[in-house]
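Values in this text are rule-based calculations from the coordinates and carry no lab data. Only a predicted model underlies this, so the values are computations on that prediction, with no experimental measurement involved. Virtual Cβ from ideal backbone geometry, glycine too; neighbours counted across all protein chains shown.
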Amino acid sequence: MSGYVLKTIRQTVGLTQEQLAERARVDVSTLQGWESGRRPLMAISAGAYLKLRHLLHRLGASPKLLAQLDTGMEADRFIGYVMAADGPIDLENHPLATWVITRPFTELVAWPFTGDVPNQLKEVAPLRRRGPSGSGPDMGADERRHMVSHLQAAAEQAAKDSVEGALLRRQAHYVAGFDKSSETVEWLAVMQRAEQRRLGSEVEWTPSWAVVRSGAHTLARTGDEEALPSFIDVHISTDACEIANLNYWAYWLGEVTDPQLADTFMVELDVDSWHGDRLLKHLMGRLTPDNVYVDVVCHTLWALIIRKPGLLTKKIADDLVASVGRMLSEASISPQSKRELEEVSYALRTVQRR
């Protein structure tokens, strides 16, 4: 992953491989190896990596892309760990059990499965194919099967009654869900049903709540149209769960910048500790009927406006009112989403009349 991020950075600063290799004082073949993944960037020393990173910064690389390069190294470490895994899984120290993964990390790990260029790279410039190299990282069929099998085993073996076990299950489910094979989709549905039984009729936040929440998103991505509306209707009905949903969105979109070690941050974090403008902008851009997550987008938009009404300026209300109107005319959203959007529409009209 880091090699393709490096390639994007090189292209954005307007250098050829030969020119960057000269500036970095390495052979062209070495740089080509880094960009293609034949020579993992992770294999160089920390000092050499920092030297390269500082050079890229001086050449004009954006801080966001340099941060993505660091994340690419993290993604490479994770994929390398999974590919090298053979035998019993160290559940306690598994990479997916030790921190709450971020959107940039997840998009990089998903890239070989989906072919979708991560948003932070897509926003800068598309990768340009030159010569025999591809436009993005790829995995062979055997590598995909190995990775998915490992994630399935980790999820199934994770402790059922601990915060750490729930975190591992949740994140292993989510990452495995980028594989679109029918076997994986069936396994995800089975695991979601098991997690729902574990959660039961509980309407307060628990670690299993977080697992079911992610599972509903994953199933929506595979084409299940009932998973998200059902989860919202049953399990986001208390103050704690509303806050947990908002806090997770804020973390996912980078409004909460501190790394989190466990899903408990969802209920421990003060919702007033982050602003909400980035989340509002994201939700506004995803309010479309073809979005598989549209019901949770509608609900989260409604909840965000209730919690942070000061986000609604007249300009934002003017920009949002048409999108909300179009969604209310759609038959594809759930009855609850329609009710919530009607309340949002009323709030927008109130702001417009000020």
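Here residue 55 and residue 83 are evaluated by their C-beta separation; at R0 = 41 Å the FRET efficiency comes out at 0.90. Compute the helix-to-body angle for 294-307: its Cα long axis versus the longest principal axis of the chain, expressed 0 to 90° and rounded to tens. Taking Cα atoms only, the helix is inclined about 70 degrees. Going by Cα centres, the range 137-208 and the range 41-57 are how many Å apart? Between the Cα centres of the range 137-208 and the range 41-57 lies a distance of 34 Å.
Look at where the Cα atoms of the range 59-105 and of the range 253-311 average out, and the two centres are 24 Å apart.
Do any of 64/122; 180/338; 122/315; 281/315 go past 24 Å between their Cα atoms, and which? Correct reply: 180/338; 122/315.
For the range 247-354, applying the loop criterion from DSSP together with a ceiling of 14 other beta carbons within 10 Å to the GluC sites (Glu not before Pro) yields 330. For the chain, the longest principal axis of the alpha carbon atoms and the long axis of helix 335-352 meet at an angle near 90°.
When peptides 170-177, 141-148 are sorted by average Cβ neighbour count within 10 Å, with the highest value leading, the order is 170-177, 141-148.
Mind giving me the FRET efficiency for residue 284 and residue 27? R0 is 56 Å, r the Cβ-Cβ distance, nearest 0.05 is fine. For residue 284 and residue 27, the calculated efficiency is 0.70. Between residue 182 and residue 261, the contour length at 0.36 nm per residue exceeds the Cα-Cα span by 25.2 nm. Annotation: Cα Rg of the chain relative to the compact-globule expectation 2.2 N^0.38 Å equals 1.06. Length gained on full extension, residue 70 to residue 138: 22.5 nm, using 0.36 nm per residue less the C-alpha separation. Seen from residue 109, the other residues with C-beta closer than 14 Å to its C-beta sum to a net charge of -4, counting Lys and Arg as +1 and Asp and Glu as -1.
Put simply, the range 1-81 fits an ellipsoid with semi-axes of 18, 14, 11 Å; these come from the alpha carbon gyration tensor as the roots of five times its eigenvalues, largest first. The angle separating the long axis of helix 46-58 from the principal Cα axis of greatest extent in the chain is about 70 degrees.
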